[in-house]
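Engineer: Pasting in a structure now, in structure tokens, and then I'll have a few things to ask.
Just so it is clear, none of the values below were taken in a lab; they were calculated from the coordinates. It should be emphasised that the depicted structure is a prediction, and the values quoted were computed from it without experimental measurement. Here Cβ is always computed from backbone atoms with ideal geometry, including for glycine, and neighbour counts include all displayed protein chains.
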Amino acid sequence: MQKINKTGSMPDITAKWIKKHNTLNWNDLPFNEKEVLREQLHTEQHGLCCYCCKKISTKSASVEHLQDKHRHRKLQFSYDNLLLSCVSNKHCNIAKQSKEIKVHPLHTDCDDSVKMNPLSAQLFGDKHKKDADESIDILKLNHNELINHRTDLIKLVQTYLPLFNVCDDIYQLQENITFKDSFLELVKDFPQYRELEYIVNKLA
Ligand SMILES: [Zn+2]
């Protein structure tokens with residue numbers, strides 16, 4: 001999980017439909033209006049799931065209401081309550097259900113609160129430890145499927161470290177900002193770029 005900056009607002013076509021129909025039922029929103037919204041959220045999140053940060057496509061993603069759409073009906077169409085999640089039935093929005101999470105991708109300290117041990121690929125709470133650990137637990141962000149995926153990404157990072165004359169210790173990416181920037185520059189055209197950037201930022 002990493003901080004998402006909500007820079008946009010509801011796409012025009014979606015906003016117009018909501019205004020015209022004056023409904024508070026999310027399921028009334030037609031496919032096209034939802035699709036435009038999904039595409040915008042996808043761009044805003046650099047193509048990653050809002051919780052597990054795995055690469056997703058707009059076709060394999062669902063719009064997630066950070067605050068539950070049944071309990072907070074007025075926030076159903078609030079752009080700042082909408083995120084894009086993967087559709088795994090093992091973690092993320094399916095695991096969260098209608099629960100509230102205190103550390104989430106819009107939380108100011110999200111980046112400092114959730115960190116990763118590169119040896120085990122496990123996420124853990126750092127700042128706001130108790131709340132962050134609880135969020136990781138609710139979202140099942142240490143599910144085997146996600147651990148395996150992060151392990152593959154860590155291995156990919158490690159493959160390229162010897163190219164730099166710094167040190168092939170992965171922790172150096174966190175401690176040496178120039179090293180980190182050079183590494184990210186090297187992988188910037190990789191299809192996994194945003195996932196690798198996430199992994200490097202989570203090192204602790
Ligand atoms: Zn996910």
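Engineer: Determine, yes or no, whether residue 51 is under 19 Å from the mean Cα position of the chain (by Cα) and over 26 Å from residue 147 (Cβ atoms). Steps first, answer last, please.
Structural biologist: Details: under 19 Å from the mean Cα position of the chain (by Cα): yes; over 26 Å from residue 147 (Cβ atoms): no.
Spelling it out, it is not the case that residue 51 is under 19 Å from the mean Cα position of the chain (by Cα) and over 26 Å from residue 147 (Cβ atoms).
Engineer: Name the pairs whose Cβ atoms lie under 7 Å apart, with the first residue in segment 89-101 and at positive phi and within 9 Å of the ligand (Cβ to nearest atom), the second assigned to a loop (DSSP other than H, G, I, E, B) and aromatic (Phe, Trp, Tyr), and 6 or more positions between them or separate chains?
Structural biologist: Qualifying pairs under 7 Å: 92/51.
Engineer: Taking the criterion of being within 14 Å of the chain's Cα centre (by Cα), part of a strand (DSSP E or B), within 16 Å of the ligand (Cβ to nearest atom) and within 30 Å of residue 189 (Cβ to Cβ), would at least one residue in segment 25-45 satisfy it?
Structural biologist: no
Engineer: Ok, one more. Please state which one of 85, 62 is within 14 Å of the ligand (Cβ to nearest atom) and either over 17 Å from the mean Cα position of the chain (by Cα) or closer than 19 Å to residue 15 by Cα (or both). Give the steps one after another, and end with the answer.
Structural biologist: Numbers: 85 fails: either over 17 Å from the mean Cα position of the chain (by Cα) or closer than 19 Å to residue 15 by Cα (or both).
Only one candidate qualifies: 62.
Engineer: Taking the condition of being more than 18 Å from residue 11 (Cα to Cα) and not in a loop (DSSP other than H, G, I, E, B), how many residues in segment 48-58 meet it? Quick ask: steps written out before the conclusion?
Structural biologist: Residues of segment 48-58 that are more than 18 Å from residue 11 (Cα to Cα), as a first pass: 48-57.
Pick out the ones that are also not in a loop (DSSP other than H, G, I, E, B) and you get 48, 55.
Looking only at that region, the number is 2.
Engineer: Next up: Which count do you get for residues in segment 113-141 that are surrounded by 15 or more Cβ atoms within 10 Å (Cβ to Cβ) and either over 20 Å from residue 174 (Cβ atoms) or of a type in the set (Asp, Glu) (or both)?
Structural biologist: Number satisfying all stated conditions: 8.
Engineer: In addition: What is the one condition in (1) surrounded by 13 or more Cβ atoms within 10 Å (Cβ to Cβ); (2) touching a helix residue (DSSP H, G or I) at 6+ places or on another chain (Cβ under 6 Å); (3) of a type in the set (Ser, Thr, Tyr) that residue 79 does not satisfy?
Structural biologist: Among (1) surrounded by 13 or more Cβ atoms within 10 Å (Cβ to Cβ); (2) touching a helix residue (DSSP H, G or I) at 6+ places or on another chain (Cβ under 6 Å); (3) of a type in the set (Ser, Thr, Tyr), residue 79 violates only (2).
Engineer: Residues of segment 110-163 being without any contact (Cβ under 8 Å) to a residue 60 or more places away in the chain, farther than 18 Å from residue 197 by Cα and of a type in the set (D, E, K, R), which ones?
Structural biologist: The answer is 127, 129, 130, 131, 133, 134, 137, 140, 145.
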